[in-house]
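The values are calculated or read from the model by the stated rules, or taken from the named source; none is laboratory data. Since the model is a prediction, treat every value here as computed from it, not as a measurement. In this analysis, Cβ positions are derived from the backbone assuming ideal geometry, glycine residues included, and neighbour counts consider all displayed protein chains. Keep in mind that these areas ignore ligands, DNA and RNA; they rest on the heavy atoms of the full protein, side chains included. Shrake-Rupley method; radii C 1.70, N 1.55, O 1.52, S 1.80 Å.
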Amino acid sequence: EASILRTIESASRRWPIQHAQVVHRVGELLPGDPIVWVGVSSSHRSAAFSACEFIMDYLKVSAPLWKRERDQAGQWHWVEAS
């Protein structure tokens, strides 16, 4: 959570955004379930879109998130970050 907040603060320094929020689900999810929601408000649409893309890219590439999957045999294993 602290890492996500730092990313939102970084986006706020780059674009004139008014508010940003990230909801990242935890717990057991099924394939196709929504896992993340990013919302950004700004008086300028392009700033909101750019900040949202920046935050989402961070989550996809650099956020320290842990992912565990269950295989068809029912065994759990941790997914290596790519």
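Structure summary
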item	result
Selection of trypsin sites (Lys or Arg not before Pro), the chain, meeting DSSP coil and at most 15 other Cβ within 10 Å	25, 67
Accessible-area composition of the chain, carbon plus sulfur, in percent [1.4 Å probe]	52
The chain - accessible surface per residue (Å², probe 1.4 Å)	81
Helix axis angle, 2-14 relative to the chain longest principal axis, alpha carbon, degrees	30
Residue range of the chain that is longest and free of GluC sites (Glu not before Pro) which are both DSSP loop and sparsely packed (at most 12 other C-beta within 10 Å)	29-79
Cleavage-rule hits, chymotrypsin sites (Phe, Trp or Tyr not before Pro), region 5-78, DSSP coil, Cβ neighbours within 10 Å at most 16	66
Matching label, volume of the Cα convex hull per residue in Å³ computed from the structure shown, candidates (1) 132; (2) 86; (3) 98	(3)
Additional length obtainable on full extension of the chain from residue 69 to residue 18, 0.36 nm per residue less Cα span	14.7 nm
Nearest 10 degrees, 0 to 90: helix 45-61 Cα axis against the chain principal axis	30
